[in-house]
1. Would you work out which of B:Q165, B:V212, B:M239 lies farthest towards the positive end of the dipole of the range B:2-240, given +1 charges on the beta-carbon of Lys and Arg and -1 on that of Asp and Glu, about the Cα centre?
2. Apply the a/c threshold of 1.5 to the C-alpha gyration tensor of the range B:2-240 and tell me whether it is rounded, prolate or oblate.
3. If R0 is 56 Å, what FRET efficiency do you get for B:N188 and A:V281 from their C-beta distance, rounded to 0.05?
4. Put a dot 7 Å past each Cα toward the Cβ at A:F362 and A:E203; how far apart are the dots in nm?
5. So how far apart, in nm, are the two label points at B:Q219 and B:D97 if each is 7 Å from Cα heading toward Cβ?
6. Under the rule of at least 5 residues apart or a separate chain, name every residue whose amide H is placed under 5 Å from the amide H of B:T76.
7. Just checking the output field for A:423-430: average partner chain Cβ neighbours within 10 Å of each residue's Cβ?
8. Leaving out same-chain residues fewer than 8 places away, which lysines sit with a Cα under 17 Å from that of A:K325?
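Throughout, read-outs are computed from the coordinates displayed, never taken from laboratory work. The model shown is predicted, which means the values in this text are computed figures rather than measured ones. Please note: Cβ atoms are built from the backbone with ideal geometry, for glycine as well, and neighbour counts cover all protein chains shown.
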Amino acid sequence: MKVLDIFSYAWDGIRLRKLRAALTTLGVVIGVAAIVALLSLGEGFRVEMTSQFERGFALNTLTVTAGRGFGFGMGESASEFYLVVNDTRAINQIDGVSMATAVISKSVSIASGNRTRTVTVVGVNFTQYSEIYSSTFLAEDGTIPLSPTNDTIVLGARIANPWRNGTILAKVGDDINLTWATGPISKPTIKSYVFHVAAVLKEIGGFGIGGPSDNQVYIPISTAQAIFETDQVNQILIQLVDSSQTTIDSVTEAAEALFDDKVTVMSPTAMLNTVSSVFSVIELFLAGIAGISLLVAGIGIMNIMIVSVLERTREIGILKSLGMKDRTVLIIFLSEAALIGLLGAVVGITLGWGLANVVSRFGFAMMGSVAGGGQTAQVHGTGVSGGLTITPILTPGVLLGALVFGVATSVLFGLYPARRASKLNPVEALRHE
Amino acid sequence: MEKENLSPQENEESAEADVVEIQGLRKTYIMGKVPVHALRGIDLRIRAGDFIAIVGPSGSGKSTLLNLIGALDKPTEGKVLIDGVDVSTLNGNQLADLRRKVGFVFQFFNLIPRLKARENVELPLAIAGVGKGERRRRAEELLRTVGLEGRADHRPTELSGGEQQRVAIARALANNPRFLLLDEPTGNIDTKTAQGIIALLKRLNEENGITVIVVTHDQRIANQAKKVVYLLDGRIERMTNPGGSD
């Protein structure tokens with residue numbers, strides 16, 4: 001029997017029992033739609049995150065943070081060990097390091113007029129910091145002073161203009177109040193300082209992980225040391241002589257050795273890879289959940305096909321008496337399963353894609369704030385979603401995978417009933433009522 | 001023209017060749033734990049061009065014999081040679097191929113309900129891998145032969161019993177079988193229609209040289225047959241030649 005004739009015969013079999021076929025297909029549709037929606041959203045989220053990260057990147061840098069922790073150096077920094085400003089001197093001695101600079105960051109509130117915001121203030125050496133992040137630490141208004149006075153402050157774009165509606169918090173030349181609370185929460189010591197806005201940064205976008213961010217303010221590191229009364233730094237940035245992997249590896253090793261392996265040295269690429277692999281695991285997990293629904297659909301297909309084979313026993317007997325081979329009977333029933341799978345997969349992909357787009361359009365605000373909240377290490381408490389929009393991405397891999405998975409599940413679960421059909425004894429099948 | 005298309009060429013060349021040869025055929029079923037001896041030693045030769053009626057009471061082994069001649073089943077003992085090929089030596093695929101040389105017609109027609117008359121006739125051709133155009137041409141020709149040229153696009157439910165049986169006969173003829181094998185072809189239709197079917201079978205046998213083997217209770221068919229085989233308790237009781245010349 002010709003392949004096309006087999007398919008056409010199988011299709012006739014499906015068409016005859018429209019409602020039943022539709023319900024069976026629905027199982028596949030739901031499973032495939034769930035997979036496609038979750039994976040395309042996950043992929044969109046990953047790409048969005050990656051691009052956000054990359055905006056603040058300088059490839060020839062490393063960050064050194066205290067503690068041997070996961071990922072960004074947050075988390076397991078509970079050890080006694082901490083880095084201090086002067087540690088940069090030792091790091092500067094390492095071969096391949098062109099410069100090391102310390103960064104102190106704290107959560108404070110700033111006030112201008114009657115408006116108050118909670119922001120992350122970052123104490124940096126303006127000269128060194130702007131050299132490392134020469135493409136992002138740039139002034140839109142005013143100038144970033146290379147030898148700043150103690151009360152100099154540089155604002156991130158979204159600090160100066162947080163609402164983007166013409167109302168600005170502060171502009172170059174304004175004085176703003178910076179308030180820092182220390183001590184126990186029940187009985188805090190409030191300290192307040194006046195700063196003079198020297199510059200507002202160009203908008204960077206993204207989260208600014210490991211680099212300047214729109215949601216931070218910058219003060220000279222000496223001032224930070226003075227007002228926070230500490231030498232302890234959150235991170236030390238290293239600028240490398242080049243961005244080759246050899247340099248990255250050798251400096252990483254040397255820096256870790258320098259601090260008895262009590263620090264984490266991360267390159268932006270490694271950071272990105274970590275983020276990316278975390279998302280891969282999440283995506284896999286989501287796909288696994290969706291896969292279970294496809295499994296249930298497969299059982300439905302098997303169930304229906306067993307019934308169908310029973311009902312069509314006589315027909316199978318007729319086909320065999322007309323000279324149809326067992327193998328052809330098998331293929332006919334497998335084709336029915338495959339067609340249901342294909343139909344379900346195509347509809348499911350369309351539906352899943354639609355669903356992903358709807359979710360991304362109406363649900364992104366929620367997800368965005370979740371994403372923003374996850375970045376407390378640097379974008380502390382800004383409560384701003386950072387303009388995160390997730391555009392679902394349907395990669396050819398996901399598309400093909402969903403299609404293949406839908407069809408394969410159907411065929412796999414159709415195998416047993418189809419085999420049963422093909423093994424029917426023609427004499428008994430013809431006698432079947 | 002029609003005659004050439006419908007009858008296999010070998011018929012012309014060796015009219016005396018055996019299309020079915022049965023030697024010492026026994027068939028035993030196990031029903032529960034009790035062996036049932038459906039056939040207890042049958043010897044029979046059916047030649048090309050024959051019109052044979054196999055008659056006998058219920059339980060005489062008619063259906064079993066029919067299934068064995070149709071290569072649907074294998075013998076317990078003895079031989080069934082179809083077109084010179086021993087059925088018991090064949091595997092599943094070879095049996096399926098052999099069945100294409102057999103034109104089955106059933107008591108309850110056994111048409112596929114969702115297919116139109118023409119599509120039912122095309123089915124064995126499709127199974128044999130014949131292309132679409134050729135299938136259609138051949139199906140229409142066969143429907144003409146059985147007198148159903150105007151009913152090609154009707155589904156079985158829209159046809160009378162006699163018409164359905166004609167479609168079944170046309171379907172059985174589709175692959176130029178070595179013989180037609182009919183199981184109670186008039187058992188489920190009224191007397192008048194049955195006469196039409198009997199006439200059709202006789203015409204196919206006489207005009208087109210088609211070998212006809214029919215299992216029946218119907219004495220009118222037996223009267224038209226060249227040879228009548230009487231079965232009783234799994235054995236051939238006697239054979240007569242009512243309409244035959246040999």
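1. Farthest towards the positive pole: B:Q165.
2. Here the range B:2-240 falls in the prolate category.
3. According to the calculation, E is roughly 0.25.
4. Reported label-point gap for A:E203 and A:F362 is 2.8 nm.
5. 4.6
6. For B:T76, the qualifying residues are B:R26, B:K27, B:T28.
7. That average works out to 4.
8. Straight-distance partners of A:K325: A:K2, A:K423, B:K74, B:K101.
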